[in-house]
Amino acid sequence: MAFLPFVVIKIIDGHYRGALILFLFAGLSDGLDGLLARRLHQQTLLGQYLDPIADKMLLSTVFLVLSIVHEIPWKYTIVVFSRDICILLVSGVLFTIAGLRDFRPSIFGKANTLAQVAAVVFVMFWQVHHVAWVGITRKFFLRATFFLTIISALHYLYLVAQRLHALDDADSLNRPTR
């Protein structure tokens, strides 16, 4: 999260090379931090909650800022934010009402995150290096983000329905019979 304001400033100032370097460095340092925490058995409950929040803040903010400066079309950012807001709201409701706490990302959620990261990288790289393959790759990952965002949202709804059904089945087994 420490890199976030500097990435945003670089993007707003039109210094995409610096923004890209900082964004990549933030990703690498986050990955290294996670790897070291696992290898050294230094994982904490707080870290398990804060790490994905920090990742999502960085990625969502960069998506938003790149849309504001007209480098990412708004439809992509709106789909990404809509999914994330819905997941937050549904998770909050399910935690409050049913006590559900298992909100691990699915394979589609992970693929979506990968597509979002690649989209951001190639959108910024396009500003640094205008060559055909970068432009094509940029479009590919923006489209992949769009479709994977929708697919992962639908899959998330399916998983939530399954978990609620399983919770309801377990609850009915624990009720006394008359």
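We did not get these values from a lab; they are worked out from the coordinates using the rules stated. Everything quoted here is computed from the prediction, not taken from an experiment.
Expressed per residue, the C-alpha convex hull volume of the chain stands at 133 Å³.
Name the residue, out of Val117, Val93, Val65, whose mean-square fluctuation peaks in a Gaussian network model built on the chain with Cα pairs under 10 Å. Answer for the Gaussian network model of the chain: Val93.
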